[in-house]
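Presented below is the structure to which this report refers.
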Amino acid sequence: MPQNEYMERWRKLHGRRLDHEEKTRKKAAREGHKQSYEAQNLRGLRAKLRAQERRKEKIQMRKQIKAHEERDVKTANQNDPSEPMPAYLLDRSNPSTAKAISSQIKNKRAEKAARFSVPLPKVRGLAEEEVFSVVHTGKKTHKKSWKRMITKPTFVGPNFTRRDPKHERFIRPMGLRYKKAHVTHKELGVTVNLPILSVKKNPSSPLYTNLGVLTRGTIIEVDVSDLGLTSASGKVVWGRYAQVTNNPENDGCLNAVLLT
Amino acid sequence: MATIPPPPSKRQKRETLALTQTQQDATAKFASADAGSFKARFVDSEGNETDAVEIPLADASEKNVSLLYNTLLGRDREEFIPYRFHIQNAQGDVVQYPSNLLEYFQKNDISPNEITITLVAEPQAVFRVQAVSRLAHRIPGHGQPILTSQFSPKTSSRFATGSGDCTARIWDADTGTPKFTLKGHAGWVLDVRWSPDGELLATCSMDKTLRIWDPETGTLLNHELRGHKDAVLQAAWEPYHLRENGQRLIVSASRDATARVWNVGTGRTEHVLSGHKSSVTCVKWGAGGENGTGLIYTGSHDKNVRVWNASAGTLVHELAGHKHWVNHIALSSDFALRTGYFDHTNDIPSSDADKKAKAKARFEASGKTERLVSASDDLTMILWDPANAGKKPVARLHGHQKAVNHVAFSPDGTVIASTGWDNHTRIWNARDGSFIRKLLGHVAPVFQCAFSADSRLLVTASRDTTLKVWNVRGGKLARDLPGHEDEVYTVDWAPSANNVCSGGKDKAVRLWRN
């Protein structure tokens with residue numbers, strides 16, 4: 001038995017206190033009162049933390065309530081899908097119809113105005129001071145200050161190896177490298193974790209594009225072969241562009257939307 | 001072409017390498033001129049044998065042998081039927097007639113002078129359907145995805161489609177224009193069926209009813225057929241030659257686990273075929289059974305296929321064998337029963353009795369007994385012969401890696417094509433259910449397939465938005481037909497011409513021609 005589990009040990013040896021059930025019941029019964037007290041009286045950071053906690057709880061509650069409601073509702077044609085499909089597809093759990101959307105997307109892109117539109121047209125520019133920090137290790141490096149560390153998340157290719165220290169002008173820290181992104185398909189309403197193929201454009205600077213810096217508004221190419229989209233001539237679509245929608249350096253994850 | 005053939009297999013590569021590395025015997029090819037002759041005996045599909053004849057090797061091309069066989073049978077020149085041959089070897093295996101017979105003999109160590117070779121003759125259609133190659137018409141009209149389509153047996157210029165917009169439409173295939181809109185259903189139209197004489201059209205719908213229309217005027221024939229408690233999924237007409245005193249019967253399969261036989265004239269239910277425990281997905285009306293009085297075959301989600309006596313409405317067999325839903329069933333006589341007394345010659349008998357006689361003759365020519373193949377979600381198909389083998393399966397067809405969605409007998413009844421969720425189509429021998437070949441090319445589930453009337457070509461429709469036309473014998477892709485903007489749900493090949501109609505999620509009917 002691990003050293004620190006003395007409470008469990010005691011319980012095994014002697015059992016619970018005799019009034020344990022009563023006490024837990026009472027505690028649970030007073031939970032509402034405690035919540036109310038805290039909601040009214042907490043101030044400052046503690047209030048903020050509590051609000052944050054409470055918000056998450058509420059989201060969970062709402063989800064659960066919705067699930068219960070859906071379960072309880074009984075309709076005549078519960079299983080019938082909303083859009084028409086042939087008899088041999090009825091009663092099957094059809095995988096999301098990614099294909100339908102891809103043709104819509106194609107039509108839309110044919111219109112010229114839509115061709116270059118992206119979900120996030122404007123993002124804040126990033127100055128070099130913000131993205132790069134100067135590295136001062138060693139006498140020579142310190143004196144000339146030519147080495148930079150990238151402080152933002154980056155994507156490096158699959159077979160990337162670092163250059164030798166003498167020639168490595170930009171250091172891309174291991175901890176800030178990303179290989180996959182949570183990509184949302186808006187029409188399908190699904191989010192899939194897809195491998196990144198490349199960074200196509202960082203709107204702040206072409207240098208960032210070359211370095212693969214991932215910031216909000218960056219256009220990345222993702223591998224959508226899992227989604228099973230096909231082109232008009234019946235080939236599987238492989239790479240597809242997506243735009244980063246969150247601040248990955250703050251959030252620790254990479255979210256993106258597929259471009260339409 | 002969108003489809004790139006797969007890279008050569010290791011075996012193919014090895015063979016080509018061996019070919020380049022070893023010195024070829026240049027005389028081998030020309031040896032056939034004086035290679036002598038071999039003895040062959042012909043066997044037809046019924047098992048009738050001819051006496052052995054001697055054939056010079058130099059002239060033993062398949063075409064010549066076909067001519068020889070025709071003369072042996074004592075046919076006139078006008079009655080000649082093209083044949084293709086299979087060689088039955090000593091072990092009982094069957095191989096296709098090789099292009100170079102001498103090479104085949106050498107490879108298999110057969111000395112043709114010593115043994116008699118058995119050639120299994122398969123009659124081919126006397127006419128030839130050409131592969132469709134171009135999009136002739138794109139006809140918009142339906143407001144929702146097209147779920148089903150079928151050509152009229154009477155003429156290849158009419159076909160009907162059913163759609164999610166609760167209408168069925170009849171189209172003129174010659175001009176590519178809409179002919180009639182059949183309004184009235186309150187739910188999606190899941191199936192359209194032409195009667196074998198082409199005089200009536202039945203539509204099945206999600207609104208639990210079946211409606212019968214007159215395709216000449218586009219009007220509803222007296223009343224709708226109500227009685228099912230859930231969506232009607234499929235219907236099948238009574239074979240033409242079984243019609244009695246002018247009654248026209250139709251059977252419909254429904255999700256309420258029953259099938260119903262209706263009298264179209266009175267609108268009454270003749271029989272309720274109940275017994276399945278789950279949705280009945282497909283129904284066929286065959287002309288087999290004792291004294292040829294007709295059998296109804298139903299496949300269901302309860303994993304069983306049931307065979308019913310059509311006239312009495314009683315259960316004959318319950319064919320159990322599948323481990324999951326039965327998705328589709330096909331009969332060897334499907335084509336003959338669908339087209340009734342219409343054939344490629346265009347001569348239609350004038351009297352009713354003659355029509356029945358011709359329809360019956362066509363049914364009997366489609367095979368000795370009526371065979372049934374059922375495709376299932378358990379990745380297999382089963383070939384049944386209810387007349388001879390009863391409840392015992394003839395063969396179980398293994399090979400698909402995902403559920404099998406659609407299965408079809410070729411019009412001449414020699415091969416079976418099956419399509420499935422694993423993106424490929426498979427061709428099987430209809431006699432013993434042996435696997436022949438796999439047609440690779442689609443990149444998404446293949447929903448349906450349709451044979452051309454001469455059984456030489458097969459068209460498949462897939463989720464990957466294309467149709468593909470295949471050469472059944474060679475297994476080659478004959479045509480790739482992109483053009484749909486979305487999933488293709490249905491495809492049908494006209495029974496008498498080079499027309500293919502297809503429809504799908506992009507709401508426009510497409511008509512393909514040579």
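Given the conditions (1) modelled with pLDDT under 90; (2) crowded, with 22+ Cβ neighbours inside 10 Å; (3) of a type in the set (D, E, K, R), report the number of the one that B:ASP432 does not fulfil.
Looking at each condition in turn, B:ASP432 falls short on (2).
Which number in (1) part of a loop (DSSP other than H, G, I, E, B); (2) touching a Leu at 6+ places or on another chain (Cβ under 9 Å); (3) away from chain A (no Cβ under 14 Å); (4) farther than 23 Å from B:PRO153 by Cα marks the one condition that B:ALA389 misses?
(2)
Of all residues in region B:180-189 being open to solvent by 10 Å² or more (accessible area, probe 1.4 Å) and closer than 27 Å to B:GLN247 by Cα, which is nearest to the other protein chains (Cβ to nearest Cβ)?
B:HIS185
From the set of residues in region A:238-260 that are part of a helix (DSSP H, G or I) and touching a residue at least 24 places away in the same chain (Cβ under 8 Å), which is most open to solvent (accessible area, probe 1.4 Å)?
Applying the filter and picking the extreme gives A:GLU249.
Look through B:VAL488, B:VAL469, B:VAL443 and report the one residue that is within 27 Å of A:ARG92 (Cα to Cα) and open to solvent by less than 30 Å² (accessible area, probe 1.4 Å).
Step by step, each of B:VAL488, B:VAL469, B:VAL443 is checked, and only B:VAL488 is within 27 Å of A:ARG92 (Cα to Cα) and open to solvent by less than 30 Å² (accessible area, probe 1.4 Å).
With the condition kept exactly as written, say whether any residue in region B:356-364 is surrounded by fewer than 19 Cβ atoms within 10 Å (Cβ to Cβ), among the acidic types (Asp, Glu) and either touching a Lys or Arg at 6+ places or on another chain (Cβ under 7 Å) or at pLDDT 90 or above (or both).
Checked region B:356-364: no residue is surrounded by fewer than 19 Cβ atoms within 10 Å (Cβ to Cβ), among the acidic types (Asp, Glu) and either touching a Lys or Arg at 6+ places or on another chain (Cβ under 7 Å) or at pLDDT 90 or above (or both).
For region B:487-508, check the following and say yes or no: at least one residue is within 11 Å of chain A (Cβ to nearest Cβ), outside any strand (DSSP E or B) and touching a Pro at 6+ places or on another chain (Cβ under 7 Å).
Checked region B:487-508: at least one residue is within 11 Å of chain A (Cβ to nearest Cβ), outside any strand (DSSP E or B) and touching a Pro at 6+ places or on another chain (Cβ under 7 Å).
Counting just the residues of region B:412-426 that are modelled with pLDDT of 90 or more and within 11 Å of the chain's Cα centre (by Cα), which one comes out farthest from B:ARG362 (Cα to Cα)?
B:SER418
Which condition breaks for B:ARG84 when tested against (1) modelled with pLDDT of 85 or more; (2) not assigned by the TED database to the domain that holds B:LEU337?
With respect to (1) modelled with pLDDT of 85 or more; (2) not assigned by the TED database to the domain that holds B:LEU337, B:ARG84 is out only on (1).
Within region B:232-241, is even one residue open to solvent by 40 Å² or more (accessible area, probe 1.4 Å) and farther than 25 Å from A:PRO86 by Cβ?
no
Kindly establish whether B:LYS208 is open to solvent by 40 Å² or more (accessible area, probe 1.4 Å), within 14 Å of chain A (Cβ to nearest Cβ) and more than 23 Å from the chain's Cα centre (by Cα).
yes
State the number of residues belonging to region B:68-82 that are open to solvent by 70 Å² or more (accessible area, probe 1.4 Å) and either over 15 Å from B:VAL43 (Cα atoms) or under 28 Å from the mean Cα position of the chain (by Cα) (or both).
Residues meeting the conditions: 4.
Can B:ALA408 be described as within 14 Å of another protein chain (Cβ to nearest Cβ), among the small types (Gly, Ala, Ser), in a strand (DSSP E or B) and farther than 30 Å from B:GLU46 by Cβ?
No: the conditions fail for B:ALA408.
Considering region A:136-155 alone, what residues qualify as being within 29 Å of A:LEU197 (Cα to Cα) and among the hydrophobic types (A, V, I, L, M, F, W, C)?
Once the filter is applied, which keeps residues that are within 29 Å of A:LEU197 (Cα to Cα) and among the hydrophobic types (A, V, I, L, M, F, W, C), region A:136-155 yields A:MET149, A:ILE150, A:PHE155.
Check region B:159-179 and report whether any residue there is among the β-branched types (Val, Ile, Thr) and surrounded by fewer than 16 Cβ atoms within 10 Å (Cβ to Cβ).
yes
Among what's in region A:27-74 and is exposed (fewer than 10 other Cβ atoms within 10 Å of the Cβ) and assigned to a loop (DSSP other than H, G, I, E, B), pick the residue that is farthest from the chain's Cα centre (by Cα).
Applying the filter and picking the extreme gives A:LYS74.
Run down A:LYS166, A:LYS201, A:LYS235, A:LYS152 and say which single residue is without any contact (Cβ under 8 Å) to a residue 24 or more places away in the chain and in contact with a helix residue (DSSP H, G or I) (Cβ under 9 Å, 6 or more places away or on another chain).
Every option except A:LYS201 fails the conditions.
Kindly indicate whether B:GLY47 is under 29 Å from the mean Cα position of the chain (by Cα), at positive phi, of a type outside the set (D, E, K, R) and loosely packed, with under 13 Cβ neighbours inside 10 Å.
yes
Give the residues of region B:321-335 that are under 18 Å from the mean Cα position of the chain (by Cα) and either open to solvent by 30 Å² or more (accessible area, probe 1.4 Å) or not assigned by the TED database to the domain that holds B:PRO153 (or both), sorted by residue number.
B:ASP334, B:PHE335
When you scan region A:184-196, do you find a residue that is within 14 Å of chain B (Cβ to nearest Cβ) and either touching a residue at least 60 places away in the same chain (Cβ under 8 Å) or open to solvent by 60 Å² or more (accessible area, probe 1.4 Å) (or both), even just one?
Yes, because at least one residue in region A:184-196 is within 14 Å of chain B (Cβ to nearest Cβ) and either touching a residue at least 60 places away in the same chain (Cβ under 8 Å) or open to solvent by 60 Å² or more (accessible area, probe 1.4 Å) (or both).
If I filter region A:220-237 down to residues being modelled with pLDDT under 85 and part of a loop (DSSP other than H, G, I, E, B), which single residue comes out as farthest from the chain's Cα centre (by Cα)?
Applying the filter and picking the extreme gives A:SER233.
Quick one: is B:ALA430 free of Cβ contacts under 8 Å to residues at least 24 places away in the same chain, of a type in the set (Gly, Ala, Ser) and either in contact with a Leu (Cβ under 7 Å, 6 or more places away or on another chain) or under 24 Å from B:SER300 (Cα atoms) (or both)?
So B:ALA430 does not fit the description; no.
Could you say which residue among A:LYS143, A:LYS122, A:LYS166 is among the basic types (Lys, Arg) and in a helix (DSSP H, G or I)?
It is A:LYS143.
Determine which single condition B:GLU370 fails, assuming it passes every other condition in (1) outside any loop (DSSP other than H, G, I, E, B); (2) in contact with a helix residue (DSSP H, G or I) (Cβ under 9 Å, 6 or more places away or on another chain); (3) open to solvent by less than 40 Å² (accessible area, probe 1.4 Å).
(1)
Looking for whichever is within 18 Å of B:GLY198 (Cβ to Cβ), in contact with an Asp or Glu (Cβ under 7 Å, 6 or more places away or on another chain) and either assigned to a strand (DSSP E or B) or in the same structural domain as B:ARG260 (by the TED database) (or both) here; the options are B:ARG362, B:ARG338. Which one fits?
Of B:ARG362, B:ARG338, the one residue that is within 18 Å of B:GLY198 (Cβ to Cβ), in contact with an Asp or Glu (Cβ under 7 Å, 6 or more places away or on another chain) and either assigned to a strand (DSSP E or B) or in the same structural domain as B:ARG260 (by the TED database) (or both) is B:ARG362.
Looking at B:PRO145, B:PRO153, can you tell me which residue is surrounded by 16 or more Cβ atoms within 10 Å (Cβ to Cβ) and farther than 24 Å from B:THR465 by Cα?
B:PRO153
The values are calculated or read from the model by the stated rules, or taken from the named source; none is laboratory data. For clarity, every value in this text was computed on a predicted model and none was experimentally measured. Please note: Cβ atoms are built from the backbone with ideal geometry, for glycine as well, and neighbour counts cover all protein chains shown. Please note that ligands, DNA and RNA were not included when accessible areas were found on the heavy atoms of the full protein model with its side chains. Shrake-Rupley method; radii C 1.70, N 1.55, O 1.52, S 1.80 Å.
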